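Below you'll find the structure, written out as structure tokens, and then a few comments.
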Amino acid sequence: MTKITIVAFDGTRFDIEAENGSTVMENAIRNSVPGIEAECGGACACATCHVYVDPAWAEKVGAPEAMEEDMLDFAFDVRPTSRLSCQIRVRDEFDGLVVQVPERQA
Amino acid sequence: MTNPIETDVVIVGAGPVGLFAVFELGLYDLKCHLIDILDRPGGQCAELYPEKPIYDIPAWPEITGQALVDRLMEQIAPFKPEFHFNRMVAGFRRLDDGRFEVTTDEGELLVAKAVVIAAGGGSFQAKRPPVPGIENYEGQSVFYSVRRMEEFRDQDLLIVGGGDSALDWTLNLRSVAKSVTLVHRRPDFRAAPDSVNKMFALNETGDIRFQVGQVTGLSGADGQLTAATIKSPDGEIEIPCTRMLPFFGLTMKLGPIADWGLELNENLIKVDTEKFETNIPGVFAIGDINWYPGKLKLILSGFHEAALMTQAVKRLVSPGEKVVFQYTTSSTSLQKKLGVS
Ligand SMILES: Cc1cc2nc3c(=O)[nH]c(=O)nc-3n(C[C@H](O)[C@H](O)[C@H](O)COP(=O)(O)OP(=O)(O)OC[C@H]3O[C@@H](n4cnc5c(N)ncnc54)[C@H](O)[C@@H]3O)c2cc1C
């Protein structure tokens with residue numbers, strides 16, 4: 001189990017015990033974090049699980065791969081640390097990870 | 001209005017399930033016409049994930065979305081289905097003789113003995129980009145497709161997006177528009193490299209302008225656009241424009257089917273699990289569009305539903321005739337229809 005925090009757009013913090021190997025998106029859905037829609041169910045085929053990775057974590061989490069970068073074209077207000085949360089898999093090193101939900105999804 | 005096209009079955013939607021329905025209905029000599037808003041068959045498989053492998057199609061340990069569609073097209077070819085692409089199914093009514101009349105947004109008229117709705121997640125429609133207030137300009141200054149190039153003559157045109165549509169229209173509308181500016185959030189594109197190179201060359205010579213950034217706001221009045229606000233790497237900028245073409249991919253909407261009087265459960269059409277018939281007798285719903293207790297939105301479930309629906313449609317179309325169940329492996333009559341014996 002790894003502790004991650006998802007911050008909703010209104011500032012509400014969701015501190016979650018996430019299973020290693022699960023995606024940040026799955027944890028958001030399981031905990032009913034508002035603003036994560038995940039229309040395509042985690043196939044990297046939509047852009048409705050968009051999050052901003054906390055700048056302190058950006059390097060560790062890494063940059064999106066080409067397919068994810070393409071999907072991010074459809075997201076709203078994309079920023080340098082934008083990721084699709086279905087493509088971030090939780091692992092030990094992410095203990096303490098913080099991501100933020102944007103104002104809206106595409 | 002054109003003369004009506006008469007057929008046995010009209011299938012709304014040419015996704016994998018609509019396509020397989022052609023096969024099952026074809027085995028029982030039922031002729032099908034399919035209507036789809038897309039310009040090609042395959043529904044979600046072709047539009048959303050053509051290159052992704054699917055792992056749960058029986059007997060196909062791995063097959064991509066597009067390959068599945070290609071195989072289905074091959075499988076149903078003997079039944080000569082007729083496709084009406086780039087058409088939205090609009091109107092629907094029951095005629096006095098019990099048949100159904102289905103109309104498209106282009107005014108075609110189809111008359112069928114049964115209607116099979118295989119509309120999946122709904123019809124694919126252009127996605128509205130999340131720019132506040134954009135709806136106030138739609139239809140007047142903001143368009144999601146190009147029906148006539150003349151509409152853009154002498155306009156200051158802003159094209160937004162990084163795929164083939166955005167690039168193609170940037171190159172094509174340059175000759176009629178007063179100016180063309182392409183806005184995309186990064187200098188990498190999802191479009192054909194050839195178009196991208198052409199676009200960059202035109203940007204060099206000043207024939208068009210390419211701006212990295214994201215549209216955050218629009219200004220204008222009474223539906224008439226005058227400028228767009230762009231968040232660019234160098235800060236916020238304003239780009240004067242009178243027309244905008246955003247290309248933000250496609251989303252699925254139930255559309256006009258919602259007004260047909262069908263019983264719905266959260267935008268899905270309620271059916272029984274024997275015939276997959278809706279509350280309107282003679283109208284069936286299969287695949288992702290239907291709902292019944294235990295429903296799973298899987299391609300294989302849609303295939304099963306197509307087989308059972310066919311039995312009911314055959315009984316409806318040929319009342320009194322005995323519906324004989326046969327295997328394709330052993331029935332010479334089925335093999336004749338398939339063109340293999
Ligand atoms: C990323 C992703 C991965 C998936 N992976 C799998 C998987 O591994 N296994 C699996 O079994 N399933 C998978 N699915 C689900 C699968 O794609 C669907 O179950 C399947 O496409 C449903 O087929 P369908 O024919 O019912 O509908 P669709 O494929 O949605 O096709 C419906 C068609 O109807 C058209 N249409 C609708 N309304 C109208 C109208 N009014 N006028 C004209 N045309 C209309 C639409 O344009 C569309 O082309 C996946 C889906 C996605 C998005």
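The values are calculated or read from the model by the stated rules, or taken from the named source; none is laboratory data. What you see is a predicted model; the values in this text were computed from it and never measured. Cβ atoms come from the backbone with ideal geometry, glycine included; neighbour counts cover every protein chain shown. Accessible surface areas use protein heavy atoms only, side chains included; no ligands, DNA or RNA. Shrake-Rupley method; radii C 1.70, N 1.55, O 1.52, S 1.80 Å.
Here are some notes:
- Taking all protein chains together and rolling a 1.4 Å probe, B:TRP60 ends up with roughly 100 Å² accessible.
- List A:MET1, A:MET67, ordered by accessible area with a 1.4 Å probe, largest first: A:MET1, A:MET67
- When accessible surface is computed with a 1.4 Å probe, chains A and B are found to bury approximately 1400 Å² between them, both chains counted.
- Residue-level accessible surface for A:GLU69, protein heavy atoms, 1.4 Å, Å²: 50 Å²
- Overall form of region B:128-246 per C-alpha gyration tensor (a/c, 1.5; a/b vs b/c): oblate
- Accessible area per residue was computed with a 1.4 Å probe on protein heavy atoms; B:THR251 scores about 30 Å².
- Chain B: most fluctuating residue of B:LEU19, B:LEU245, B:LEU34 per GNM, C-alpha cutoff 10 Å: B:LEU245
- Accessible area, probe 1.4 Å, largest first, for residues A:CYS40, B:CYS241: A:CYS40, B:CYS241
- Ordering of B:35-47, A:18-30, B:70-82 by packing [mean C-beta count within 10 Å, highest first]: B:35-47, A:18-30, B:70-82
- Pair-distance distribution of region B:209-337: all C-alpha pairs, bin width 10 Å, starting at 0; shares per bin in whole percent are 10, 24, 19, 13, 16, 11, 7, 0.
- When both bridge partners sit in region A:2-100, DSSP labels roughly 75% of those beta bridges antiparallel.
- The Cα atoms of region A:2-100 give a gyration tensor whose axes a ≥ b ≥ c have a/c under 1.5, which makes the shape rounded.
- Order of exposure, largest accessible area first, which applies to A:HIS50, B:HIS304 with probe 1.4 Å: B:HIS304, A:HIS50
- Beta bridges per DSSP, both residues in the protein assembly as shown: antiparallel share near 50 percent.
- Degrees, to the nearest 10: B:164-173 long Cα axis against longest axis of chain B: 60 degrees
- Taking only Cα atoms of the protein assembly as shown, radius of gyration then Dmax in Å: 24.7, 75
- Mean separation of Cα contacts under 8 Å, 6 or more apart, over the residue count of chain A: relative contact order %: 41 percent
- Partner aspartates and glutamates whose Cα lies under 15 Å from the Cα of B:LYS295, excluding those fewer than 8 positions away in the same chain, are identified as B:GLU266, B:ASP272, B:GLU274, B:GLU277, B:GLU305.
- Dipole of chain B, positive end: most advanced residue of B:PRO240, B:VAL111, B:GLN140 [Cβ charges, Cα centre]: B:VAL111
- Cβ charges +1 (Lys, Arg) and -1 (Asp, Glu), total dipole of region A:1-51, debye: 100 debye
- Accessible-area loss of 50 Å² or more (1.4 Å probe, protein heavy atoms, chain alone versus all protein chains) is found in region B:37-82 for B:LYS52.
- Helix B:299-317 vs. chain B, principal-axis angle (Cα, 0 to 90°, nearest 10): 50 degrees
- Close amide-amide hydrogen proximity is noted between A:ARG79 and no other residue 5 or more places distant or on a separate chain, at a cut-off under 5 Å (H modeled in the peptide plane; Pro and chain starts excluded).
- Mean partner shielding of peptide A:63-73, defined as the number of other chain Cβ atoms within 10 Å of each residue Cβ, is 3.
- For region B:130-141, Karplus couplings with θ = phi - 60° (6.51, -1.76, 1.60), whole Hz, Gly/Pro x: x, 9, x, x, 4, 4, 5, 10, 5, x, 10, 10
- In this structure, the amide hydrogen of B:THR64, modeled 1.01 Å from its nitrogen in the peptide plane, lies closer than 5 angstrom to those of B:ILE54, counting only residues at least 5 positions away or on a different chain.
- Nearest-0.05 FRET efficiency for B:THR205 and B:GLN125, computed from C-beta distance (R0 45 Å): 0.80
- Alpha carbon centroid spacing (whole Å) that separates region B:93-155 from region B:187-258: 23 Å
- Dividing the summed helix terms, -39500 (n - 2.57) for each DSSP H run of n ≥ 4, by the number of residues in the protein assembly as shown produces a 222 nm estimate of -6500 deg cm²/dmol to the nearest 500.
- Peptide B:95-105 - average C-beta neighbours from other chains (10 Å radius): 0
- Positive-end ranking of B:LEU38, B:LEU225, A:VAL7 along the dipole of the protein assembly as shown, with charges on Cβ about the Cα centre, is headed by B:LEU38.
- Each label point was placed 7 Å from the Cα along the Cα-to-Cβ direction; for B:GLN66 and B:ASP194 their separation is 1.6 nm.
- Average accessible area per residue (Å²) across region B:195-334 - probe 1.4 Å, nucleic acids and ligands excluded: 50 Å²
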